[in-house]
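Asker: Got a structure here, written out as structure tokens. Questions coming.
The values are calculated or read from the model by the stated rules, or taken from the named source; none is laboratory data. These figures come from a predicted structure and were not determined experimentally. Because the Cβ atoms are built from the backbone with ideal geometry, glycine has one as well, and the counts that use them run over all protein chains shown. Surface areas here come from the heavy atoms of the whole protein model, side chains and all, with no ligands, DNA or RNA. Shrake-Rupley method; radii C 1.70, N 1.55, O 1.52, S 1.80 Å.
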Amino acid sequence: MLAEKSLVDIIHERVSSQALQLPMFHHVAFKLVNVLAKEEYSIAQVAQLIIEDQALSSHVLRLANSAFFGGLSKVTTIRDAIVRLGARQVTNVVTVFTQSQQYCTQDKTLEAYMQTLWKHSLGCALGTKWFAEKTGYKELAQEGLLAGLLHDIGQLFLLKVLEEVQASEPQMTLPTPVIVEVLQHLHVEQGTMLMQHWNIPELYGEIVRQHHDETYDTSNTLLLMVRLVDMACKKVGIGLQHDPLIVLATTAEAQALGVKEMVLAELEIILEDAMTLSN
């Protein structure tokens, strides 16, 4: 108990320290998210931002010319890729690509947690997007992907803090139960702080704050979807927690969304398949 408490104290000290290097939200992804948060934007604006980063430009072009999205002709410019894919989809592709690069560490103890967290975040992202499209909320599909991707961002932040703690105090051991408890109990607070630091639109900040709350905004459809898909991931074992006894159809979120049991069963299959393909 003392060790656990001292670790929590150390984390709070690191968080409040000016020396702590906060994880960065990729500058291009950040600008794209904020551009699309406005009612009016142009394809030229989106294209110009992506062109700033050669790796992102290459990734977007490859996707636009992939077997799934490819058309009769080959796309050779970022502008044409945006026309083919859509600005919102391109923004989410960029965000997923850049966020995936954050989930890495040189610490062997924490590496497994990083990979598990990435799979959970990606599962929630893909699951929420699929769910929105499947259940008549298509207009929320792209926002759903980003909301699912970022809802547990506080856990990534805490793993980065633990990585610094381990590097500076190698004599300190980090038992699995302690790591899991720290991630579960502190990630909402730290995730909220990180979203504010990044200045991400409040639409997503609210998801981070309320995705575990017992009392939450039941009129927020995007929040309901993320919470439901988060539980679906937990049921099928995508993440740090696994509870196969969860009955999704009986959850308040499923009932508020009016979703049928068949759709929920299909969601579980979609999630399991997505994780198989990501391995």
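Asker: Which one of the conditions (1) open to solvent by 20 Å² or more (accessible area, probe 1.4 Å); (2) under 18 Å from K134 (Cβ atoms) does L264 fail to meet, given that it meets all the rest?
Answerer: With (1) open to solvent by 20 Å² or more (accessible area, probe 1.4 Å); (2) under 18 Å from K134 (Cβ atoms) applied to L264, the lone miss is (1).
Asker: Now a separate question. Would you confirm, using the coordinates I've provided, whether L110 is in a helix (DSSP H, G or I), in contact with a helix residue (DSSP H, G or I) (Cβ under 9 Å, 6 or more places away or on another chain) and open to solvent by less than 50 Å² (accessible area, probe 1.4 Å)?
Answerer: yes
Asker: In region 176-208, what residues are open to solvent by 60 Å² or more (accessible area, probe 1.4 Å) and within 20 Å of L159 (Cβ to Cβ)?
Answerer: Matches in region 176-208: T176, P177, E181, Q184, H185, E189, Q196, H197.
Asker: Okay, next question. What about T98, is it of a type in the set (S, T, N, Q) and assigned to a loop (DSSP other than H, G, I, E, B)?
Answerer: Judged against the criteria, T98 is not a match.
Asker: Quickly run through region 30-49 and pick out the residues that are part of a helix (DSSP H, G or I) and open to solvent by less than 50 Å² (accessible area, probe 1.4 Å).
Answerer: Answer for region 30-49, where residues must be part of a helix (DSSP H, G or I) and open to solvent by less than 50 Å² (accessible area, probe 1.4 Å): L32, V33, N34, V35, L36, V46, A47, L49.
Asker: Of these, T128, T105, T109, T76, which one is touching a Lys or Arg at 6+ places or on another chain (Cβ under 9 Å) and either free of Cβ contacts under 8 Å to residues at least 40 places away in the same chain or hydroxyl-bearing (S, T, Y) (or both)?
Answerer: Unique residue meeting the criteria: T105.
Asker: Name the residue that is modelled with the highest pLDDT, counting only residues in region 123-162 that are of a type in the set (D, E) and either under 21 Å from W198 (Cα atoms) or touching a Phe, Trp or Tyr at 6+ places or on another chain (Cβ under 6 Å) (or both). Give the derivation first.
Answerer: Residues of region 123-162 that are of a type in the set (D, E), as a first pass: 133, 139, 143, 152.
Restricting the remaining residues to those that are either under 21 Å from W198 (Cα atoms) or touching a Phe, Trp or Tyr at 6+ places or on another chain (Cβ under 6 Å) (or both) gives 143, 152.
Numbers: E143: 91, D152: 96.
Ranking the candidates gives D152 first.
Asker: Residue by residue through region 50-72, note down the ones that are assigned to a helix (DSSP H, G or I) and either surrounded by fewer than 16 Cβ atoms within 10 Å (Cβ to Cβ) or touching a residue at least 60 places away in the same chain (Cβ under 8 Å) (or both).
Answerer: Selection gives I51, Q54, A55, S58, R62.
Asker: If you don't mind, another one. State which residue is surrounded by the fewest Cβ atoms within 10 Å (Cβ to Cβ) when the search covers only region 267-279 and only residues that are closer than 19 Å to L140 by Cα and at pLDDT below 95.
Answerer: I270
Condition check ((1) in contact with a Gly (Cβ under 7 Å, 6 or more places away or on another chain); (2) free of Cβ contacts under 8 Å to residues at least 12 places away in the same chain) across all residues:
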{"site": "A132", "(1), (2)": "yes, no"}
{"site": "K138", "(1), (2)": "no, yes"}
{"site": "L145", "(1), (2)": "no, no"}
{"site": "K160", "(1), (2)": "no, no"}
{"site": "Q171", "(1), (2)": "no, yes"}
{"site": "L174", "(1), (2)": "no, no"}
{"site": "V188", "(1), (2)": "yes, no"}
{"site": "Y204", "(1), (2)": "no, no"}
{"site": "H211", "(1), (2)": "no, no"}
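Asker: Shifting gears a bit: So W130 passes all but one of these: (1) more than 15 Å from the chain's Cα centre (by Cα); (2) open to solvent by 30 Å² or more (accessible area, probe 1.4 Å). Which condition number does it fail?
Answerer: Checking W130 against (1) more than 15 Å from the chain's Cα centre (by Cα); (2) open to solvent by 30 Å² or more (accessible area, probe 1.4 Å), the one that fails is (1).
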